[in-house]
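**Student:** Dropping a structure here in structure tokens format, bear with me for questions.
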Amino acid sequence: MDTATAKRKKFREILNRKTLTVMPGGFSPLYARAAQAIGFECFFVAGSQMSAYLLGVPDTGIIGLRDIVDHARHVAGRTEIPIFLDTDTGFGNAVNVHYTVQECVRAGIAGLQIEDQEAPKKSGISAGRRCIPVDEAVGKYRAAVAARNDLDPEFVICARCDLLGAEGSSFEDAVERC
């Protein structure tokens, strides 16, 4: 079994526990190595932090697929723990999401999250976010799962709902969407 698949299996084990898991996040291989050294079992590469660190720009979708995949490859290649990656909106429609997942699987990370925002996206903590229709989001998530299944079924896909706090939404809307 290759190392990437072993990390993915470990990540699934961690996620399937009935206990809380703390997953620190950051932007660099050094932070991930430090997290590993002090005993954390996994690490989150955050999109907002990559945007700031790599390009010096806010988390508004400026950072691209190639930037995050190359950076995540470095993080995954220098750690023994599973790496989870923020891929913003998946960089477009369902076709783009399919390609995004393929590239992330090939980069050796354990999993990714794809949010349901309209493009151009806004930071998940900013006002003025808008989300795509549910059927479009589901189409993107199905494309992600298909790409994963073609390459490594152990790869983790997280469908992130950004409706809470989006324009015209409520807590109840977010729960229903989830």
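**Student:** Run P153 past the list (1) within 23 Å of N96 (Cβ to Cβ); (2) assigned to a loop (DSSP other than H, G, I, E, B); (3) open to solvent by less than 40 Å² (accessible area, probe 1.4 Å); (4) not basic (K, R) and report the number of the one that doesn't hold.
**Tutor:** The one condition P153 does not meet is (3).
**Student:** A further question on this structure: Pairs needed: first member in segment 51-62, in contact (Cβ under 8 Å) with a residue 40 or more places away in the chain; second member anywhere, open to solvent by 40 Å² or more (accessible area, probe 1.4 Å) and hydrophobic (A, V, I, L, M, F, W, C); C-beta distance under 7 Å; at least 6 residues apart or different chains.
**Tutor:** G61/A119
**Student:** If you go through segment 70-89 one residue at a time, do you hit one that is aliphatic (A, V, I, L, M), farther than 18 Å from F11 by Cβ and modelled with pLDDT of 95 or more?
**Tutor:** For segment 70-89, residues aliphatic (A, V, I, L, M), farther than 18 Å from F11 by Cβ and modelled with pLDDT of 95 or more: absent.
**Student:** Considering only residues of segment 1-24 that are open to solvent by 60 Å² or more (accessible area, probe 1.4 Å) and of a type in the set (V, I, T), which is nearest to A110 (Cα to Cα)?
**Tutor:** The residue in question is T3.
**Student:** Let me ask another. Condition first: open to solvent by less than 60 Å² (accessible area, probe 1.4 Å), in contact (Cβ under 8 Å) with a residue 40 or more places away in the chain and of a type in the set (A, V, I, L, M, F, W, C). Now tell me which residues in segment 95-130 satisfy that.
**Tutor:** Answer for segment 95-130, where residues must be open to solvent by less than 60 Å² (accessible area, probe 1.4 Å), in contact (Cβ under 8 Å) with a residue 40 or more places away in the chain and of a type in the set (A, V, I, L, M, F, W, C): V97, V101, C104, V105, I109, A110, L112, I114.
**Student:** Output the residues belonging to segment 27-50 that are over 15 Å from the mean Cα position of the chain (by Cα) and without any contact (Cβ under 8 Å) to a residue 40 or more places away in the chain.
**Tutor:** Answer for segment 27-50, where residues must be over 15 Å from the mean Cα position of the chain (by Cα) and without any contact (Cβ under 8 Å) to a residue 40 or more places away in the chain: L30, Y31, A34, A37, I38, G39.
**Student:** Please pick out the residue among F27, F44 that is at pLDDT 95 or above, under 24 Å from T89 (Cα atoms) and surrounded by 16 or more Cβ atoms within 10 Å (Cβ to Cβ). Full working, then the answer.
**Tutor:** Working: F27 fails: at pLDDT 95 or above.
Within the list F27, F44, the selection yields F44.
**Student:** So which residues in segment 55-73 are over 20 Å from A127 (Cα atoms) and surrounded by 17 or more Cβ atoms within 10 Å (Cβ to Cβ)? Write out each step before concluding.
**Tutor:** Taking segment 55-73 and keeping what is over 20 Å from A127 (Cα atoms), we get 55-56, 64-73.
L65, I68, V69, H71, A72, R73, listed by residue number.
The values are calculated or read from the model by the stated rules, or taken from the named source; none is laboratory data. Everything quoted here is computed from the prediction, not taken from an experiment. Glycine gets a Cβ as well: all are built from the backbone with ideal geometry, and neighbour counts include every protein chain shown. Side chains included, ligands, DNA and RNA excluded: accessible areas come from the protein's heavy atoms. Shrake-Rupley method; radii C 1.70, N 1.55, O 1.52, S 1.80 Å.
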